[in-house]
Structures are given as C-alpha cells and as structure tokens.
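Taking it in order: structure first as structure tokens, then the write-up.
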Amino acid sequence: MAIFFSGTVKAILLGLIAIVFMLSRLARSRPDIGWLQVFRLLVVQMSEEQRIGRRRSANRLAALEMILAGFTLPLLYFISTVLFFNEPNKTATIIVSACSVLCIAVGVWIFAKNV
C-alpha cells in the first residue's frame, strides 16, 4: 500500500472516511435535515422471529467456537513448548487442561441452551 499512496494521501483518505462516518451518524440522529439523509445507511427491518433466529444462530456459532478453542488450547500449548525446545510443565499443563475443559463445558452449555 505504501507503494501506491504516500503518507499525505493516506491521511486525506482516512480523514474523508472519518467525515463520512460522522455524517452517517448525524443523519441517523437528525432525520429532519434532508441533505444529510444521503449519508444515512440503510437498515434492514427484521421481524421478531428473524431476530430470534439470527440470535440463536449466532449463539450456536459462539458455542462451536468455544468448543474448538477448548480443543485447540492444549494443542497450541504443547506445540509451542516443543517448538521452543522446552518440556511441558506440570502446573502449566494442569492450568491449560482446566481452561480447556472449561471452554468445552461452556460451549456445550451454550449450545444446549440454544437448541
């Protein structure tokens, strides 16, 4: 990116983006000003059923991410200790295992709660 734009051009673009963002926020808070409504972002109106469905879907995805984090946490610990030529520490292994079990339990709880 530095090849295409100089520091001045990047600063000007950042300033323009900030101004457009502020105008968008002002358009939402001041609907009585007509010319400002050009900068207003469209908001999709969802029914309550769609909101609930999206929330459940997002919660299921969060539960899956927590479970995956629980499985990858010990792997990352052991891979990092091997890569740095260290031996796994008993205390650290217990802490990592406890955090892993906690992540998996929280993920399963979230998933069971939102089925």
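Each distinct pair of alpha carbons in the range 54-115 adds a 1/r term; the inverse of their mean, the Kirkwood radius, is 12.5 Å. This model, with +1 at the C-beta of Lys and Arg and -1 at the C-beta of Asp and Glu, gives the chain a dipole about its Cα centre of some 380 debye.
Plainly put, the chain has a radius of gyration that is 1.24 times its Kirkwood radius, both from alpha-carbon atoms, as the Rg/Rh ratio. For the range 1-69, the list of chymotrypsin sites (Phe, Trp or Tyr not before Pro) that fall in a loop by DSSP and count at most 14 other C-beta atoms within 10 angstrom reads 4, 5.
Among 74, 39, 101, whose Cα lies farthest out toward the positive end of the dipole of the chain, if unit charges sit on the beta carbon of Lys, Arg (+1) and Asp, Glu (-1)? Result: 39. Accessible area per residue for the chain is 83 Å², calculated with a 1.4 Å probe on protein heavy atoms, without ligands, DNA or RNA.
Mind jotting down the distance between the C-alpha centroids of the range 1-32 and the range 43-99, whole Å? After rounding, the separation between the Cα centres reads 35 Å. Taking the accessible area of the chain, probe 1.4 Å, and keeping the other protein chains in place, the carbon and sulfur fraction comes to 72%.
The values are calculated or read from the model by the stated rules, or taken from the named source; none is laboratory data. Here the structure is a predicted model, which is why all the values come from computation and not from measurement. Cβ atoms come from the backbone with ideal geometry, glycine included; neighbour counts cover every protein chain shown. Just so you know, the surface numbers come from the protein's heavy atoms only, side chains and all, with ligands and any DNA or RNA stripped out. Shrake-Rupley method; radii C 1.70, N 1.55, O 1.52, S 1.80 Å.
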